[in-house]
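Comments concern the structure below.
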Amino acid sequence: MKNILQSINKFFAVLFPFYVIIRGVKVYYNSMDRMVAAYLWKFGWLEGYEMSLFYSCLKPGQIMLDIGANMGVYSLTASNIIGDAGKIIAFEPDDDNFKVLKKNILKNEFKNIDPVPYAVSDKEETIFFETHSLNSGNHQIRKEKTEHGQTSIQAICLDNFLPENQKVDIIKIDIQGAEFYAFSGMKKLLSNNPNVIIFSEYWTTGLRNLGIEPSLYIDLLKSFDFYIYKIDTKNRKLIKLSYEEINNNPEYERNYLNFILTKGDLNFLK
């Protein structure tokens, strides 16, 4: 059944091989669900407030990491703002998504986006990738092989993959609970870039699917001395939270918490 659903999802995109223009950028898609997501992004119905905050943080010449780039919406729409003096490194381990990411970069003739076909984790190793039948934005890594349909992928650690003195200004990371591993593998990078601004999330289900207690993820973020700002989409405002407010909070057990991490203030966004 899973394979049938995936085939229908991809076949639909073959019937409608178009693109969506988002902020002046052509975004091609590779499946029905990505087409729907692209139109939701276009009209600001998906992550509209979050993306407006994201664009407000961008400046010409910045270095951006897009971890879990998928088909590249964040990288593509950031490219013109960052410009040729800057660079975007976009990580996407899924083969289908990576192909459409490269296509989108090529079709828009962007020279400042470097696509990388690896998962970002805490070490260099072969791990496993479990795909979602009808939501290619919800693929998840697994450290151990299971009975579910999986493919082997290569994972890297940012502290080893990037140059030791790599400058980074902004990070967007959305990898369905594997953020714990990614942050564990970029401790030197974060220490060397105290002014970095990070857009990420807290999803307890995704963490537990990987055998990670959510409190461990929160403790790891706390160890970096970041301030954490909740992105309140409903009221379109940022709310500064303590780490104690996040731990064992029933609201975040039920829903995602999208947030911004920074060691400075975000007054320019208010």
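Could you look through the range 104-115, keep only residues that are touching a residue at least 40 places away in the same chain (Cβ under 8 Å) and not charged (D, E, K, R), and pick out the one that is farthest from I89 (Cα to Cα)? Quick ask: steps written out before the conclusion?
So in the range 104-115, the residues touching a residue at least 40 places away in the same chain (Cβ under 8 Å) come out as 104, 107-108, 113, 115.
Now restrict to residues that are not charged (D, E, K, R): 104, 108, 113, 115.
Details: N104: 14, N108: 16, I113: 6, P115: 6 Å.
Top of the filtered list is N108.
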Expected output for the range 80-91 (first residue of a type outside the set (S, T, N, Q), partner part of a helix (DSSP H, G or I), Cβ below 7 Å, 6+ apart or cross-chain) is I81/Y55; I88/S75; I88/A78; I88/S79; I88/I82; A90/S75; A90/L101
Picking from L40, L106, which residue would you name as being farther than 20 Å from A178 by Cα and either among the basic types (K, R) or at pLDDT 95 or above (or both)? L106
Subset of the range 188-204 that is touching a Phe, Trp or Tyr at 6+ places or on another chain (Cβ under 9 Å) and assigned to a helix (DSSP H, G or I) - its residue that is farthest from L269 (Cα to Cα): T204
Of everything in the range 59-70, what is touching a Gly at 6+ places or on another chain (Cβ under 9 Å) and hydrophobic (A, V, I, L, M, F, W, C)? Give them in sequence order. I63, M64
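Of all residues in the range 223-254 being in a helix (DSSP H, G or I) and crowded, with 16+ Cβ neighbours inside 10 Å, which is modelled with the lowest pLDDT? Can you show your working first?
Narrowing the range 223-254 to residues in a helix (DSSP H, G or I): 223, 243-246, 250-254.
With the extra rule that they be crowded, with 16+ Cβ neighbours inside 10 Å, the set shrinks to 246, 252.
Numbers: I246: 92, Y252: 84.
Ranking the qualifying residues of the range 223-254, first place goes to Y252.
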State which residue pairs qualify: first residue farther than 12 Å from S52 by Cβ and inside the range 227-241, second residue among the aliphatic types (A, V, I, L, M) and exposed (fewer than 13 other Cβ atoms within 10 Å of the Cβ) in any location, beta carbons under 6 Å apart, and separation of 6 or more residues or different chains. K230/I239; D232/I239
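The values are calculated or read from the model by the stated rules, or taken from the named source; none is laboratory data. A quick note: this is a predicted structure, and the numbers were derived from the prediction, not measured. Every residue, glycine as well, gets a Cβ built from its backbone with ideal geometry; the counts of neighbours run over all protein chains shown.
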